[in-house]
Amino acid sequence: MLGRLRDLLAALTAFVVGGFLAWHYPLGHITATTLFVATGLLAYYRLSWFLVIVPALLPVVGFAPWTGWLTFEEIDLIVLGMASGGYARMFVDHPPGGSSRRSWLLPVLSLLMGLSVLASLVRGFADAGGFSFGWFQGYDGPMNSIRIGKSFFLALLLLPLLRQLLRDPQEANGGKLAWGMAIGLGTASLAALWERLAFTDLLNFSSDYRSTALFWEMHVGGAALDGWLLLATPFAIWAVRNSRTWPQQLFSVGLIIIGAYAALTTFSRGVYLALIVALPLLAWQTRHLAGLESAQPHQQTWGPLRWTMALATLGAMAFAVFSGGGYRGLMALMGVVVAALSMPAVLRGIKPGQYFVGMVIGLIAGGMIILFAGLVAKGPYIAYSVLFAGMLALLYWSKRRLTSDRYISCTAAFAALSLSAVHVAFHWGGGEALWGMLGAMAAVIAVVSRGVFSANPIWPSDIRWQANFFGGGVAICAVVAVFVGGGYVGERFATSEKDLDGRFDHWNLSMSMLQDELDVLFGKGLGRYSANYFYAIPDNKFPGTYQIIKEQEKKSLSLVAPRRGISFGDALRVSQRLDFDATGPFEATLQVRARSGATITVEVCEKHLLYAAKCAIGQAKLKPNEELQSAHVQLKGDLLGYGPWYAPRAKVFSVAVANRSGLAEIDTIVLTTLGGTNLLKNGDFDLDMQNWFFSSDRDHMPWHAKNILVNVVFDQGLVGLLVFSLLVGAAILRLAFGQFRQHELAPFLLAAIVGFLVVGMFDSLIDTPRLAFIFYLLVLLALIPNNHSAKHRARNLAH
């Protein structure tokens, strides 16, 4: 009876809160409310789908730059909709409690963490001067405490639903969650890919443009994308291991490839370090699962040492090829590797004489193809592409029809493809590229020859294993390309010692803001970091601020500049997204009060979040005056572009105070194309910050503690740190050494949590609500007792 009452109350509470939020959604309350109700209905009938939907959408459903909301976001509506429908179904069905034994660990640690978060929430309200509700409060208001605190309670809200879904092993709901996380890696990485295509070249690793994807929380710096990549990458590896069809395998390998690209283009040393820690840990923890799989007929596996040696060798070949042959040579090398992986299985049983004849025929044919290819524009690339496609078709046909003539034909095609790869590298890089590719091809042919004539296969013929190897090879090649072909990575590592010293100074400053024993024990309160930082730093480090002020029923934007010299990247901007087709020319009209005088900069830039490309800029210098002044500014600069059709460039209007310590009260802003209509919404600020969004493009320290443990101590004190450590530590111990270690997801959960914490050594992470939500959800999942083991999975695989 109590269980049903809990379900009813949870369903009603989630529905009421979610409906209230949806009805006030800034971009359309009717649409948002309709979608929220539809989400609840879908959860009622297909709750398990949300194990995929929530993590898959989490990285891409943040629209704060358009809505102006900071406290609430779209993922809250999805989670509350899932909870309302899921608990309603549990109330109606009243599922049995099951035979799972009870454990004190999860409820006790959840209770302690919940109490700590609640206590810090109250302290946050008190530190802000009391609670006041507002839809568009910034990081210095009391609503920021709710923004930070909601994450743990949203995860806790889903815990009974998650536990119920995982009770039935036949439904494979754990696998659905893993697929959701893997797809979430893909959605985040696709967003990063769009960003790179739109604002830099795909293969430009020398500029200082660091990917942010659709994590708007990085508008004041931070590492939201970094943390998400570490949480999701292990599950993409799970997807590769558990794909059963070639489309699934191709899809999951694609996730690994674009995920590796996204990770590399963060240019984050924390990401690189976390991957170095998490991936070997994952390989070590999965060794017993590999043993279970290899116990089945016709299954083989490699240990970590052999994997390391093989990928290191491939990395050395990639380095030799890329140094002279560039990306074209690297792609040609990987094409030959793809073919080489299948050669030993196809040529099993070939005689040495046949192998020799095939090689000679292939080299002669390849030489003739090279001669003809030199007569055609881009001939080497065309010839290689045709040979590669023919090689794949021949390998596929040979595997299906094991005829004796496959021996010479496959060997000849492989030799011709290898020679064509050398030609591609030479065509691009000349003699410098020739020797590197020749050495790489000699090594590949030697390894293939060893595999062909070995008494036992030296690597598995299973297509999934080969896809795993190819994915790892692509990641290795990407690392080589970034470190060899891009100067920015070298610059990042060259300043590591200096940056680390700066981090220590910042952490010491953060701890010094805890001024009494209560602060030390229980923290300043959730979400109070930036507000306290403003008062703790020297005047010349003040980053600027903004707020909506109200005088005589009229609202205006108060904008304060940093108290130091301001470069283009240092300004505190208040911005609004424009349509993609806004190209200019632009003119702006402002009504401003500048009591001490101010220089106002207005700009429209091709910009996603932090990094501007082409801009149209104008300035207005206002004299000191207590009254409103009208400023008319024509923005100067080239017409903005749309960008490629597959990666259009976003356009952003921004306003900032450009003079040191300047203060301006902006009453109205109108932006038009010459003689056109107003492009801005809520330009009079009557709706507070709706449709507006602020950013600090370069100055990030004032907004983050820059360490997850320092962040917990500041928000929740030493008591909160103890509870947080117990919660996360218990999850790690259970995944690494406890009964849950036998679960198929355990190694991947462990790698995700540990990788996240490694990134968290250099950034706060849990001050990003949607990231904190999924982190806490995975931690709580690891503490659910009596999950089904990998032995059950192995039995399923055997059938």
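The values are calculated or read from the model by the stated rules, or taken from the named source; none is laboratory data. Remember, it's a predicted structure, so these values are computed and weren't measured experimentally. Backbone-built Cβ (ideal geometry, glycine too); neighbour counts: all protein chains shown.
When residues in region 526-555 are screened for being buried (at least 18 other Cβ atoms within 10 Å of the Cβ) and basic (Lys, Arg), 1 of them pass. Within region 479-487, is there a residue that is part of a helix (DSSP H, G or I), surrounded by 15 or more Cβ atoms within 10 Å (Cβ to Cβ), in contact with a Leu (Cβ under 8 Å, 6 or more places away or on another chain) and of a type in the set (Phe, Trp, Tyr)? Within region 479-487, not a single residue is part of a helix (DSSP H, G or I), surrounded by 15 or more Cβ atoms within 10 Å (Cβ to Cβ), in contact with a Leu (Cβ under 8 Å, 6 or more places away or on another chain) and of a type in the set (Phe, Trp, Tyr).
Okay, residues lined up against (1) at pLDDT 95 or above; (2) surrounded by fewer than 17 Cβ atoms within 10 Å (Cβ to Cβ):
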position	(1), (2)
23	yes, yes
58	yes, no
74	yes, no
92	no, yes
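For the criterion of being touching a residue at least 12 places away in the same chain (Cβ under 8 Å), within 23 Å of residue 416 (Cα to Cα), more than 26 Å from the chain's Cα centre (by Cα) and surrounded by fewer than 16 Cβ atoms within 10 Å (Cβ to Cβ), residue 451 fails. Under the condition of being assigned to a helix (DSSP H, G or I) and of a type outside the set (Val, Ile, Thr), the residues counted in region 20-75 number 27. Among the candidates 418, 398, the residue that is surrounded by 16 or more Cβ atoms within 10 Å (Cβ to Cβ), modelled with pLDDT of 90 or more and in the same structural domain as residue 452 (by TED's automatic domain parsing) is uniquely 418.
In region 577-665, which strands (runs of 3 or more DSSP E) lie fully inside it and hold 3 or more residues that are more than 38 Å from the chain's Cα centre (by Cα)?
Per the criteria, 586-593, 612-622, 629-634.
Residue count for region 143-153 under the criterion of being buried (at least 24 other Cβ atoms within 10 Å of the Cβ) and farther than 30 Å from residue 544 by Cα: the result is 1. The residues of region 533-561 include none that are without any contact (Cβ under 8 Å) to a residue 12 or more places away in the chain, among the hydroxyl-bearing types (Ser, Thr, Tyr) and in the same structural domain as residue 659 (by TED's automatic domain parsing).
What are the pairs, 6+ residues apart or on separate chains, where a residue within region 213-224 that is of a type in the set (Ser, Thr, Tyr) has its Cβ under 7 Å from a residue that is surrounded by 23 or more Cβ atoms within 10 Å (Cβ to Cβ) and modelled with pLDDT of 90 or more? As it stands, the answer is none, since no pair meets every condition given.
Could you please let me know if residue 558 is of a type in the set (S, T, N, Q), modelled with pLDDT of 90 or more, surrounded by 20 or more Cβ atoms within 10 Å (Cβ to Cβ) and out of contact with any Leu (no Cβ under 6 Å at 6 or more places or on another chain)? No, not satisfied. Do we have any residue at all in region 248-257 that's in contact with a Gly (Cβ under 9 Å, 6 or more places away or on another chain), within 17 Å of residue 57 (Cα to Cα), hydrophobic (A, V, I, L, M, F, W, C) and buried (at least 23 other Cβ atoms within 10 Å of the Cβ)? Checked region 248-257: at least one residue is in contact with a Gly (Cβ under 9 Å, 6 or more places away or on another chain), within 17 Å of residue 57 (Cα to Cα), hydrophobic (A, V, I, L, M, F, W, C) and buried (at least 23 other Cβ atoms within 10 Å of the Cβ).
Let's see how each residue does on (1) in contact with a helix residue (DSSP H, G or I) (Cβ under 7 Å, 6 or more places away or on another chain); (2) farther than 19 Å from residue 548 by Cα; (3) surrounded by fewer than 22 Cβ atoms within 10 Å (Cβ to Cβ):
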position: 582; (1), (2), (3): no, yes, yes
position: 604; (1), (2), (3): no, yes, no
position: 614; (1), (2), (3): no, yes, yes
position: 630; (1), (2), (3): no, yes, yes
position: 638; (1), (2), (3): no, yes, yes
position: 643; (1), (2), (3): yes, yes, yes
position: 648; (1), (2), (3): yes, yes, yes
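Any idea how many residues of region 114-130 are exposed (fewer than 15 other Cβ atoms within 10 Å of the Cβ) and either among the acidic types (Asp, Glu) or part of a loop (DSSP other than H, G, I, E, B) (or both)? The total comes to 2.
For (1) crowded, with 18+ Cβ neighbours inside 10 Å; (2) within 15 Å of residue 185 (Cα to Cα); (3) out of contact with any strand residue (DSSP E or B) (no Cβ under 7 Å at 6 or more places or on another chain); (4) not polar (S, T, N, Q), each residue gets a yes or a no:
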site	(1), (2), (3), (4)
230	yes, yes, yes, yes
233	yes, yes, yes, no
238	yes, yes, yes, yes
259	yes, yes, yes, yes
262	yes, yes, yes, yes
267	yes, no, yes, yes
280	no, no, yes, yes
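Just wondering, is there one or more residues in region 135-142 that are in contact (Cβ under 8 Å) with a residue 40 or more places away in the chain, buried (at least 21 other Cβ atoms within 10 Å of the Cβ) and in a helix (DSSP H, G or I)? No, the conditions are met nowhere in region 135-142.
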